[in-house]
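Worksheet: one structure, shown below.
The values are calculated or read from the model by the stated rules, or taken from the named source; none is laboratory data. All figures in this text were calculated on a predicted structure; none of them were measured in a lab. Positions of Cβ are generated from backbone atoms using ideal geometry, with glycine treated the same way; all protein chains shown enter the neighbour counts.
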Amino acid sequence: MNRNKHFILNLIITVSVASTSCLLSSSCTYLKAIPKGSKVNYQFTGNWQGNGVDSEGNEFAFAAKVSCLANNKYRVVILDKLNTQKEPMHIMEGVLNNNKFTYTADDGLYEGGGELSKDVFEGYYKGPVNGTYKMWRIE
C-alpha cells in the first residue's frame, strides 16, 4: 500500500472511531449549538434535599426523588429522608417547560410551581396550607 492510501485509510479509521465514540457518549448531546437568546433546559431527575416554610410559619426539611415519566412530565416523591421505608409525605406530578415546573400533588389537594436553575429548584404550593420551598440536587 502506498503512503497516500495508508494515510487516507488511517484518517478514515480515526474519524470512524471518534464518531462512534461520540455517538455512544452522552457528552455528545452537549455539542449542539445553542442559539443566542435560548434558555438551557436543565436536567431535573435525581435525588434532592430541601427545606421550606409554610403559611403558618412552620419550617420543614425533606428529601425528594425526581423521575421523568415522559414528554416533559415528572413525578416528585417527597420523603422525610432518601433511604426510608416510610410512605411518601407528598407525591407531585407535573410538566417541566422552559425550566418552569407546574404540578398538582396528593390527588389534586395541592397545586404549585417553581423554577429550576441548574442544581437548585425554588417552588411554592397552594392548598389547605400554602408555602414556599427550595431544594438542591445531591445526586
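Only one of Thr102, Thr84, Thr132 is assigned to a strand (DSSP E or B), of a type outside the set (Lys, Arg) and over 19 Å from Tyr42 (Cα atoms). Can you tell me which?
Numbers: Thr102 fails: over 19 Å from Tyr42 (Cα atoms); Thr84 fails: assigned to a strand (DSSP E or B).
Residue meeting the stated conditions: Thr132.
Do we have any residue at all in segment 26-36 that's closer than 15 Å to Trp136 by Cα and either at pLDDT 50 or above or of a type in the set (Phe, Trp, Tyr) (or both)?
Quick first cut of segment 26-36, residues closer than 15 Å to Trp136 by Cα only: none.
No.
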Extreme residue, farthest from Asn72 (Cα to Cα), among residues of segment 116-129 that are assigned to a loop (DSSP other than H, G, I, E, B), at pLDDT 95 or above and of a type outside the set (A, V, I, L, M, F, W, C) | Pro128
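Any idea which residue in segment 71-124 is surrounded by the fewest Cβ atoms within 10 Å (Cβ to Cβ), counting only those that are hydroxyl-bearing (Ser, Thr, Tyr) and over 15 Å from the mean Cα position of the chain (by Cα)?
Start the filter on segment 71-124 by keeping residues that are hydroxyl-bearing (Ser, Thr, Tyr), which leaves 74, 84, 102-104, 110, 117, 124.
The next check asks that each one be over 15 Å from the mean Cα position of the chain (by Cα); those that pass are 84, 104, 110, 124.
Details: Thr84: 10, Thr104: 16, Tyr110: 18, Tyr124: 13.
Here the residue is Thr84.
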Among (1) among the hydroxyl-bearing types (Ser, Thr, Tyr); (2) farther than 14 Å from Gln43 by Cα; (3) part of a strand (DSSP E or B), Tyr74 falls short only on (2)
Residue under evaluation Cys68, criteria (1) of a type outside the set (S, T, N, Q); (2) outside any strand (DSSP E or B); (3) within 11 Å of the chain's Cα centre (by Cα), criterion not met | (2)
